[in-house]
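Can you read through this structure? Questions will come right after.
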Amino acid sequence: MGVKRYIRLFRQAAVNRFALYAASRADLVTFIFGKLLRLGFFVILAVSLFNHTNTIVGYSEGQVLMLFAMMNMIDMLTQALWYRGMYNIKDWIRRGKFDMFLVQPVSPLFKTAAMQLDLFDFITLPVGIAYIIVAWTMLPTQPTLLMAISAAVLFLFSIVIAFSINLCMASVAFWTTENESAWALYRDSVYVARFPIEIFPNGFRAFFTFVIPVLAIVSFPAKTLMGLASPHVLLWGAIIAFAWLALGLTLWRAGLRHYTSASG
Amino acid sequence: MHRLRKYLMAYRLALSKALVYRTNLLLGAINVLIWFGTLILLYRSLGGAIGGYSTAELVTYILGTSLLAATLFTNVMDQMADEIVEGDLVNYLLRPINYFYYWIARGAAVRSVLLVIAFGEIVLLSLTVSDDVLLQTNPMVLLQTAVLCLGSLAMITCFDFIAAALSFWTERGFGPRWLFMICTRFLSGAALPIALMPHWAQTIFYATPFPSLIASPVESYLGHLSPSTFLLTLLTQWSWIAVSLIVLTVLWRKGTKSYVAYGS
């Protein structure tokens with residue numbers, strides 16, 4: 001019963017958001033064009049470098065494109081599903097609008113995360129899928145079925161990790177609403193996570209894979225697909241995903257308890 | 001001097017505001033470090049010269065772009081757009097203050113803070129990759145670079161005003177502003193020398209004004225511009241500035257004529 005209600009709410013939120021976006025065609029066109037431009041830029045970056053070199057830290061052009069495509073897909077889903085809502089929570093807290101979330105018979109986390117769908121990213125989703133398919137065909141060794149299934153499971157873990165990191169950042173807004181740079185930091189970390197992690201020094205790589213796992217988000221599923229991951233990667237993926245989810249939910253609950261309302 | 005005083009006051013107020021949220025500033029600085037530091041690591045991992053650029057030239061190119069990008073790319077246009085959309089612009093139109101000069105003063109305050117931070121970051125990055133940093137000592141080349149940097153500043157100021165002015169006709173104008181942001185960051189050559197890109201990409205990039213923002217001054221610093229190329233680059237840059245000024249004037253006149261703001 002509860003789940004059905006949430007599905008209905010989610011569907012209604014999608015309809016409302018679409019109506020909102022359709023009302024501003026200038027935003028619709030420019031957003032989609034901008035997203036495609038950004039995606040195209042990273043393709044150009046890879047193609048440009050591989051015009052002058054055969055490998056980057058041992059990765060072929062197809063493998064680098066797969067890293068870019070994988071990051072693009074995870075980023076796209078993150079943006080489409082919850083990023084906007086979690087980013088906006090600081091404004092809702094500042095203006096007292098968050099009070100409305102608490103008095104409604106819906107989970108405030110669901111209301112925050114899922115009611116601000118970014119349909120621009122849904123619209124560009126086919127391009128993201130095509131990007132992965134093209135990169136897949138360019139891989140030097142085609143993945144086996146087992147590798148593909150493992151990569152799919154790790155992809156889901158990556159989505160959980162991305163959600164949990166965003167949830168932690170959204171929760172921080174209960175203590176300070178001036179955390180825009182933290183979000184920008186996440187965005188830039190996501191940008192750099194698409195590069196082969198072997199370019200980073202060992203300490204940095206370990207820290208951003210296992211402690212703040214922005215590098216794991218891409219490298220775990222992508223390297224599994226390429227047959228370059230360690231045998232324990234599924235276990236590590238599960239541990240990191242559930243540890244971060246637990247941290248995110250704990251911070252969120254602590255934030256709710258700390259919230260004292262700001263509406264006037 | 002008397003007429004300048006109000007703008008100096010705007011500068012001082014914006015400076016103190018920028019310094020209030022120090023954590024935000026620090027995170028913003030880390031942001032720049034992560035993105036440009038990663039690019040440096042990426043280019044160093046290539047292990048040698050590519051497309052006529054030595055590793056030192058590539059590293060210095062990225063250091064130069066990081067300094068310019070950190071200083072030029074601010075969120076000034078978003079604040080102006082908010083003032084237009086929320087009706088606060090009326091407060092300025094009724095006062096003996098020039099809105100453009102006012103925002104140039106405020107932008108200068110934000111940029112001076114960011115410039116100081118960016119210098120610190122460059123020193124930090126340079127120390128870690130000191131063997132790959134080129135110090136330009138030719139005074140003529142340094143003068144040329146300074147002239148092009150001034151042009152970049154004039155150009156980004158025009159772009160900020162144009163992007164903000166679009167809010168006269170859209171509810172928020174966030175889409176067009178976001179597209180502007182993507183263009184300034186990716187088409188300006190801030191992540192990769194445009195000369196390394198495929199010819200078709202170079203043609204597209206150079207057909208836009210954005211390379212004049214970042215790529216031109218940095219290529220000048222590297223000593224890649226002969227006197228005749230420098231003059232052509234300067235002419236191109238100021239032609240784009242002239243076009244931007246015309247577009248801005250037309251947009252602003254039409255926008256303020258049709259502007260309607262509601263009091264609360």
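Each reported figure results from applying straightforward, stated rules to the coordinates on display, with no laboratory input. All values derive from a computational prediction rather than experimental measurement. Neighbour counts are summed over all protein chains in view; Cβ atoms, including those assigned to glycine, are modelled from backbone coordinates with ideal geometry.
Let me know the mean shielding of B:37-46 by other chains, meaning the per-residue number of their Cβ atoms within 10 Å of its Cβ. Walk me through the numbers on the way to the answer.
Values: counts 3, 10, 5, 1, 8, 9, 3, 1, 11, 7.
Shielding by partners across B:37-46 averages 6.
Any chance you could check the Cα centroid distance between segment B:26-61 and segment B:104-177 for me, in angstrom?
18
Putting +1 on Lys and Arg Cβ atoms and -1 on Asp and Glu Cβ atoms, find which of A:Leu154, A:His258, B:Leu213 reaches farthest to the positive end of the dipole of the protein assembly as shown.
A:His258
Nearest 20 debye, what's the magnitude of the dipole of the protein assembly as shown about its Cα centre given +1 on Lys and Arg Cβ and -1 on Asp and Glu Cβ?
Details: 36 positive and 23 negative charges, 334 e Å.
I would put it at about 1600 debye.
Using a Gaussian network for chain B with springs between C-alpha atoms less than 10 Å apart, which of these wobbles most: B:Thr236, B:Thr249, B:Thr23?
Looking only at B:Thr236, B:Thr249, B:Thr23, the largest GNM fluctuation is found for B:Thr23.
In segment A:26-66, how does Rg compare with the Kirkwood Rh, expressed as the Rg/Rh ratio over alpha carbon atoms?
Values: Rg = 13.6 Å, Rh = 11.4 Å.
Taking Rh as the inverse mean 1/r over Cα pairs, Rg/Rh reads 1.19.
At a 10 angstrom cut-off on C-beta neighbours, averaged per residue, how do the peptides A:137-144, B:6-13, A:248-255 rank from highest to lowest? Mind dumping the intermediate values first?
Values: A:137-144: 13.0, B:6-13: 15.2, A:248-255: 16.8.
Descending mean neighbour count gives A:248-255, B:6-13, A:137-144.
About the Cα centre of segment B:159-264, what is the dipole size in debye to 20, counting +1 per Lys and Arg Cβ and -1 per Asp and Glu Cβ, all else neutral? Could the numbers behind the result be given before it?
Values: 6 positive and 3 negative charges, 74 e Å.
Roughly 360 debye, rounded to the nearest 20.
Pairs of Cα atoms under 8 Å, at least six residues apart: use those to get the relative contact order of segment B:12-75, whole percent.
Working: 20 pairs, mean separation 17.3, N = 64.
Result for segment B:12-75 is 27 percent.
Here's a follow-up. Return the average number of partner chain Cβ atoms within 10 angstrom of each residue Cβ along peptide B:195-203. Can you show the working numbers first?
Details: counts 1, 6, 6, 4, 0, 1, 7, 1, 0.
Per residue, the average neighbour count from other chains is 3.
Then there's this: In a GNM of chain B with a 10 Å cut-off on Cα contacts, which of B:Leu234, B:Leu114, B:Leu42 has the highest mean-square fluctuation?
Result: B:Leu42 has the largest fluctuation of those listed.
Using +1 on the beta carbon of Lys and Arg, -1 on that of Asp and Glu, and nothing else charged, what's the dipole of segment A:7-157 about the Cα centre, debye to 20?
Values: 12 positive and 7 negative charges, 128 e Å.
Using only the charged Cβ atoms, the result is roughly 620 debye.
Could you work out the relative contact order of chain A? I mean the mean sequence separation of Cα pairs under 8 Å and 6+ apart, divided by the number of residues, in percent.
Working: 302 pairs, mean separation 70.5, N = 264.
It comes to 27 percent, rounded to a whole number.
For peptide A:40-50, compute the average count of partner chain beta-carbon atoms within 10 Å of each residue's beta-carbon.
Details: counts 3, 9, 2, 1, 10, 8, 0, 3, 11, 8, 0.
Counting Cβ atoms of other protein chains within 10 Å of each residue's Cβ and averaging gives 5.
Would you mind calculating the relative contact order of segment A:133-253 from Cα pairs under 8 angstrom and at least 6 residues apart, reporting the percent as a whole number? Present the calculation step by step, with values, prior to reporting the outcome.
Details: 112 pairs, mean separation 56.5, N = 121.
It comes to 47 percent, rounded to a whole number.
For n ≥ 4 DSSP H runs only, could you compute -39500 (n - 2.57) per run for chain B, divide by its residues and tell me the 222 nm figure to the nearest 500?
Details: 11 runs with 190 residues, N = 264.
Calculated at 222 nm, the ellipticity per residue is -24000 deg cm²/dmol.
Taking only the alpha-carbon atoms of chain A, what semi-axes of the equivalent ellipsoid follow from 5 times the gyration tensor eigenvalues under a square root, in whole Å, largest first?
Numbers: eigenvalues 224, 93, 60 Å².
Rounded to whole Å, the semi-axes are 33, 22, 17.
Turning to a different aspect of this structure: Hey, if you put +1 on the Cβ of every Lys and Arg and -1 on every Asp and Glu Cβ in the protein assembly as shown, which of B:Ser188, A:Leu49, B:Ala109 ends up farthest toward the positive end of that dipole?
B:Ala109
Also, I was wondering about something else. Let me make sure I get this right: for the protein assembly as shown, a, b and c are the square roots of the gyration tensor eigenvalues over alpha carbons, sorted descending. Under 1.5 in a/c it's rounded, otherwise prolate if a/b > b/c, else oblate. Which is it?
Values: a/c = 1.69, a/b = 1.07, b/c = 1.58.
Oblate, since a/c reaches 1.5 and b/c is not below a/b.
Connecting C-alpha atoms closer than 10 Å in a GNM of chain B, tell me which of B:Phe119, B:Phe100, B:Phe230 has the biggest fluctuation.
Per the Cα network of chain B with a 10 Å cutoff, B:Phe100 tops the list.
Limiting things to C-alpha atoms, what are the Rg and the maximum Cα-Cα separation (Dmax) for chain B, in angstroms?
When restricted to Cα atoms, chain B yields Rg and Dmax of 19.5, 63 Å.
Could you sort A:230-236, B:59-65, A:79-85, A:23-29 so that the peptide with the highest average Cβ count within 10 Å comes first and the rest follow in order? All intermediate terms of the calculation are to be shown ahead of the outcome.
On the way: A:230-236: 13.1, B:59-65: 25.3, A:79-85: 21.1, A:23-29: 15.3.
Output ranking for A:230-236, B:59-65, A:79-85, A:23-29: B:59-65, A:79-85, A:23-29, A:230-236.
Take peptides A:121-134, B:211-224 and line them up by average Cβ neighbours within 10 Å, highest first, as a rough protection proxy. Kindly include the intermediate steps, with their values, before the conclusion.
On the way: A:121-134: 15.9, B:211-224: 24.8.
Most protected by this proxy first, the peptides run B:211-224, A:121-134.
Mind checking which lysines have their C-alpha under 30 Å from A:Lys35, skipping anything on the same chain fewer than 8 residues away?
A:Lys90, A:Lys97, A:Lys111, A:Lys223, B:Lys254
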